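Below: the structure, in structure tokens.
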Amino acid sequence: MTIVSRLRAPMAVMILGMTGFHGLPALAGPDTRQATFEAWINPASISNTKSQDRVISKGVVELMVSSGDSGCAAGAGHVQWRATIGGVDRRLCGGALSLNNWQHIAGTYDGAQFRLYVNGVQVASMARSGTLATNNANLVVGNAAAISRPFHGTIEEVRIWSRALSAAELQANMNVELPGAQAGLLAYYRFNEGDGQTVGDGSGNGRDAVLGSDATVQATDPSWVQTVTISTTVPEVVGHPRATASSMILGAGLTLGTVNETPSIIVPTASVISQSPSGGTSVPDWLTVNLFVSSGPTTGGGNPRETYLMFDGTDDRVHAGNLAQASRITFEAWINPASISNTKAQNRVISKGAFELMVSTASTGCSAGAGHVQWRARIGGVDRRLCGGAVAEQLAAHRRHL
Ligand SMILES: [Ca+2]
Ligand SMILES: [Ca+2]
């Protein structure tokens, strides 16, 4: 299990080495009878020389790994949640941790119960009703402000709340990044920066923190870690029916994003017109693929059938009679060339005397050469010819708009 696959989040967590980082000097203590500390941790080792390895420490309120504290009857390698409540130092302990695995730990206090959770499940509690001791100590992740008690491993998604989250709230939130400000969220570190000395506070409270004790490079800075980027290839779903496209996207491990409908005269109803990202693109597997799907050839009320004419390239034609010639003109059509003649100068698509939209089959008069579109008109008594836009033969399921 990696945090990336759990949180479907970009890719940075921190190794907290000798002393972790300091921050939030102005953060007063949690509300007097409510608090939640939570984080994802992946311990690399557990100290045998300290009482606890600190994960989140703020003076007398601390969430940590017990490494042999006498106040943790469950013993070393369990989670410990400590706070001074009603003037007395209280310690909960439970939830055996495993090394080199991501585990979510949380401590809460709601003014009636002091609780400890591991992976969203309560592992210890005690009834208490006093006020939490407020303090103005630095909030420190990965160590303690006063006495060095370092955590060794990776830490992700640190959240400090001024209220007690329920088990249901913890379970609902722990596997996803929070979008930003939440009721009671005092400080929130996603650790998604990936480099530099600053970690942003995602709570909206502006409580950015620094690695080490200041924004210079220090021996006490934890290291950025980029977890394995899980990439996959986006399937090419253009032209497929919507249901098939959805199965292909989900089958590639990707998520189907928005599906918008829009009219198309060239793509059958309910088939995919376009996709973003494009087929063949290599992307992280948490990405969404958005689609535009055809709602049919009309914007409503018209004939929904998709029919067209086949011309044999020998003598077929549609004769529309004489049209009055105006001083301004546009010719347009969708075409799907089956072959391009080599024996004629042009293959006519629309022809009206000196006005013609066609496919060039030779370079004379069309410097772009055979297989390009040619637009010809007599302007001011002179025959004018434009040429460009390579036309592909036998475009499966597509036609070309000229
Ligand atoms: Ca992160
Ligand atoms: Ca630093």
Residues satisfying the stated conditions in region 65-100, i.e. in contact with an Asp or Glu (Cβ under 6 Å, 6 or more places away or on another chain) and in a strand (DSSP E or B): Val65, Arg82
Gly212 - would you say it is within 30 Å of Ser51 (Cα to Cα) and either away from ligand 1 (no atom under 15 Å from the Cβ) or in a strand (DSSP E or B) (or both)? yes
What's the number of the condition Leu186 fails, among (1) under 23 Å from Ser162 (Cβ atoms); (2) in a loop (DSSP other than H, G, I, E, B)? (2)
Is it true that some residue in region 262-274 is without any contact (Cβ under 8 Å) to a residue 40 or more places away in the chain and more than 45 Å from the chain's Cα centre (by Cα)? no
Is there a residue in region 6-17 that is more than 16 Å from ligand 2 (Cβ to nearest atom), assigned to a strand (DSSP E or B), within 36 Å of the chain's Cα centre (by Cα) and modelled with pLDDT of 95 or more? no
Report, by residue number, each residue of region 189-246 that is among the polar types (S, T, N, Q), touching a residue at least 24 places away in the same chain (Cβ under 8 Å) and either farther than 26 Å from Trp161 by Cβ or within 16 Å of ligand 2 (Cβ to nearest atom) (or both). Gln197, Ser213, Thr220, Ser223, Gln226, Thr229, Ser231, Thr232, Thr233
Restricting to region 159-202, give me the number of residues that are surrounded by fewer than 14 Cβ atoms within 10 Å (Cβ to Cβ) and within 12 Å of ligand 1 (Cβ to nearest atom). 2
Based on what the data block shows, is Asn205 more than 14 Å from ligand 1 (Cβ to nearest atom) and either within 19 Å of the chain's Cα centre (by Cα) or over 15 Å from Glu157 (Cβ atoms) (or both)? yes
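The values are calculated or read from the model by the stated rules, or taken from the named source; none is laboratory data. Being a predicted model, the structure only gives us computed values, none of them experimental. Positions of Cβ are backbone-derived with ideal geometry, glycine not excepted, and every protein chain shown enters the neighbour counts.
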